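J.: My questions all concern the structure below.
A short reminder: the numbers here are calculations on the coordinates, not readings from a lab. Note that the coordinates shown come from a computational prediction; the quantities given were computed from them, not determined experimentally. Backbone-built Cβ (ideal geometry, glycine too); neighbour counts: all protein chains shown.
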Amino acid sequence: MLESVKISRRQSEIRQELAGLVGKETPSEDETRSMETLDSEYRGNETRYRASLIAEDTERREAGVELETRSGSEWAEMMGGFEMRQVALALDEGAKLEGQTSEIVSELRSQGGYRGMPVPWEALEMRAGETVASGTPDPMRTAPIIDRLFAGSVASQMGASMINVGVGEMEYPVTTSAVSAGWTTSETGNVPGPTAYTTLDRPLAPDYNLGVQMRITRKSLKQSGAGLEQAVRRDMNGAISEALDKAVFLGSGAAGEPTGVIVGAAAWGITQTAITAAADYAAFRAAVVRFMTANAASGPGAVNLLVRPEIFDGMDDNLISGTAVSEWDRLVAKVGKVVMSSNALAAPTGSPLESTAVLTTSVGGVPPVYVGTWGAVDLIRDPYADAQSGGLRLTALSTMDVTVSRSVQTEILTGLQ
């Protein structure tokens, strides 16, 4: 407590005692001596009170200067307690950080991501106040990451079913028998048969692994902050989706790729029709009729069609004589869904250029194509490959396979010019 405050409180007590003694008409000798003593003490305290105020004013001025610089002084003092020796032992032997060094490292980690051990610049006694040779530094704010462009998903639009398998293989039995009903030829005759009921298995096996490897530089780690996680996730998802779509239709069945619908059409018994003429509505209408004849579709609205953008270009430019309606207009008005992709179908080849189209339909809730994935995406971190540059290397692995259900639910048109 300040001395001036103590003296002020004592003066208040003296005044209270004197007020009680002065009120008496005939004070005793002891009370008279007490009044003289209190009066003498009060006058002396007045002198002491003025002196203490002068002394404390000087102390306040000095304390004000200290308060203004206290935060910087305390920070500098704390940085002075940072021990590089503890950091070196922690990296070399895995020793536990202690004291101020542990507090500073924990604080730095909470403010940003570090693959190694964060060390404050003050611990290295870095000089401040310097500028670059060309002039004053120009600070820059980094905006959120702009994602790459990926091809849109096609497999799901064409009716493919994505199935996640825990472990092992999965088979889908498909009826292949020709069991039919018949009439008895006479009153005592038997019905036709018996005919064997047979099935064909469509297996999904975990034989194909799709991987995405990504190197994240130190600049990206520092530049993007918390948004980097979502950006990396979107980038990996886009890359996997694009490769998966391509494999569903164009997978070669070799070099680690699963067999796609177009390459495996012959083995699966899928109908392939060579058009070898300019693409028009009549060619696709005939394919829809074949679906309806085979009881695979109830009408053109139940059929999905996958074509290249070049087919759209040619058909939309081909107007029906005497009208403003193109062949493309007739097609999209009748077919259930038309999907265009430059990723899921190969580029046109030959002279004249020829392309391929795929038609699918779903019957009784059964999809035309099954795409099996096993477990989850396995994300692996490699802490050594880019250690020298301070970067981060991630690998995402996924296991998948492709098979078809009933071959009659899919048809391929080739030679579309």
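J.: Identify all aspartates and glutamates with a Cα-Cα distance to residue 219 below 15 Å; exclude those on the same chain that are fewer than 8 residues away in sequence.
T.: By straight Cα distance, residue 219 reaches 229, 386.
J.: In addition: Going by how many other Cβ atoms sit within 10 Å of their own, how do 186, 389, 407 line up, fewest first?
T.: Fewest-to-most Cβ neighbours within 10 Å comes out as 186, 389, 407.
J.: Modelled label-to-label distance, residue 176 and residue 22, 7 Å Cα→beta-carbon offset: nm?
T.: 12.4 nm
J.: Here is a follow-up. Can you give the extra length, in nm with one decimal, that the chain gains between residue 84 and residue 198 once fully stretched, where that is 0.36 nm per residue apart less the Cα-Cα distance? Before the final figure, lay out the partial values.
T.: Numbers: separation 114, 0.36 × 114 = 41.04 nm, distance 7.61 nm.
33.4 nm is the gain from fully extending residue 84 to residue 198.
J.: Then there is this: Report the gain in length on full extension from residue 162 to residue 389: 0.36 nm times residue separation, minus Cα-Cα distance, nm rounded to one decimal.
T.: 77.8 nm
J.: State, as an integer percentage, the relative contact order of the chain based on alpha-carbon contacts under 8 Å between residues 6 or more apart.
T.: Once normalised by length, the contact order is 18 percent.
J.: What is the stretch 186-341 by shape, rounded, prolate or oblate, if you read a ≥ b ≥ c off the alpha carbon gyration tensor as root eigenvalues and call it rounded for a/c under 1.5, prolate for a/b larger than b/c, and oblate otherwise?
T.: Oblate is the answer for the stretch 186-341, as a/c is 1.5 or above yet b/c matches or exceeds a/b.
J.: Modelled label-to-label distance, residue 376 and residue 51, 7 Å Cα→beta-carbon offset: nm?
T.: 7.9 nm
J.: Over all alpha-carbon pairs of the stretch 262-310, lay out the pair-distance distribution in 5 Å bins, whole %, shortest bin first.
T.: For the stretch 262-310, the pair-distance distribution reads 4, 16, 24, 27, 21, 7, 0.
J.: By its C-alpha gyration tensor, with a ≥ b ≥ c as the square roots of the eigenvalues, how is the stretch 5-59 shaped: rounded for a/c under 1.5, else prolate for a/b larger than b/c, else oblate?
T.: prolate
J.: Taking R0 as 51 Å, what's the FRET efficiency between residue 286 and residue 219 from their Cβ-Cβ distance, rounded to 0.05? Mind dumping the intermediate values first?
T.: Values: r = 57 Å, r/R0 = 1.12.
According to the calculation, E is roughly 0.35.
J.: More than 20 Å apart: what percent of Cα pairs in the stretch 279-345 qualify?
T.: On the way: 663 of 2211 pairs.
Counting pairs separated by more than 20 Å, the tail of P(r) holds 30 percent.
J.: If you don't mind, another one. Please compute the modelled spin-label separation between residue 324 and residue 110, points set 7 Å along Cα→Cβ, answer in nm with one decimal.
T.: Once both label points are built, they end up 6.9 nm from each other.
J.: Could I ask something else about it? Under 20 Å from a point placed 7 Å out from the Cα of residue 32 along the Cα-to-Cβ direction: which residues of the stretch 4-25 have their backbone N that close?
T.: Under cut-off, by backbone N: 18-25.
J.: If you find the alpha carbon centre of the stretch 300-325 and of the stretch 361-417, how far apart are they in angstrom?
T.: 30 Å
J.: Determine the gain in length on full extension of the stretch residue 235-residue 255; use 0.36 nm per residue of separation and subtract their C-alpha separation, reporting nm with one decimal.
T.: Details: separation 20, 0.36 × 20 = 7.20 nm, distance 2.44 nm.
Between residue 235 and residue 255, full extension yields 4.8 nm more.
J.: Under a GNM of the chain (C-alpha, springs under 10 Å), which listed residue has the highest mean-square fluctuation: 153, 106, 161?
T.: Among 153, 106, 161, the largest GNM mean-square fluctuation belongs to 106.
J.: In whole Hz and in residue order, list the ³J(HN,Hα) couplings for the stretch 318-329 that follow from phi through the Karplus curve 6.51 cos²θ - 1.76 cosθ + 1.60, θ = phi - 60°; x for Gly and Pro.
T.: Result, rounded to whole Hz: 9, 7, 5, 3, x, 10, 9, 9, 9, 4, 5, 4.
J.: Identify which of 299, 189, 322 has the largest mean-square fluctuation in a Gaussian network model of the chain, with springs joining Cα atoms closer than 10 Å.
T.: Answer for the Gaussian network model of the chain: 189.
J.: Something else about it: Label the stretch 315-417 by shape, choosing from rounded, prolate and oblate, from the square roots a ≥ b ≥ c of the eigenvalues of the Cα gyration tensor; if a/c is under 1.5 it is rounded, and otherwise prolate applies when a/b is larger than b/c, oblate when it is not.
T.: Since a/c reaches 1.5 and a/b is larger than b/c, the shape of the stretch 315-417 is classed as prolate.
J.: Enumerate the lysines that residue 96 could reach by cross-link, defined here as Cα to Cα under 27 Å, with residues fewer than 8 away along the same chain left out.
T.: 222
J.: Which of 316, 201, 30 moves the most in a Gaussian network model of the chain with Cα springs under 10 Å?
T.: Ranking 316, 201, 30 by mean-square fluctuation puts 30 first.
J.: Further question: Between residue 95 and residues 5 or more places away or on another chain, which pairs have amide H atoms under 5 Å apart, with H built 1.01 Å from N, and which residues are they?
T.: The answer is 90.
J.: Which of the following values of Rg and Dmax of the Cα atoms in Å was calculated from the structure shown: (1) 43.5, 154; (2) 24.2, 84; (3) 20.9, 67?
T.: Computing Rg and Dmax of the Cα atoms in Å and matching it to (1) 43.5, 154; (2) 24.2, 84; (3) 20.9, 67 gives (1).
J.: Over the chain, what is the percentage of antiparallel beta bridges among all DSSP beta bridges, to the nearest 5?
T.: Bridges in the chain that DSSP calls antiparallel: roughly 75 percent.
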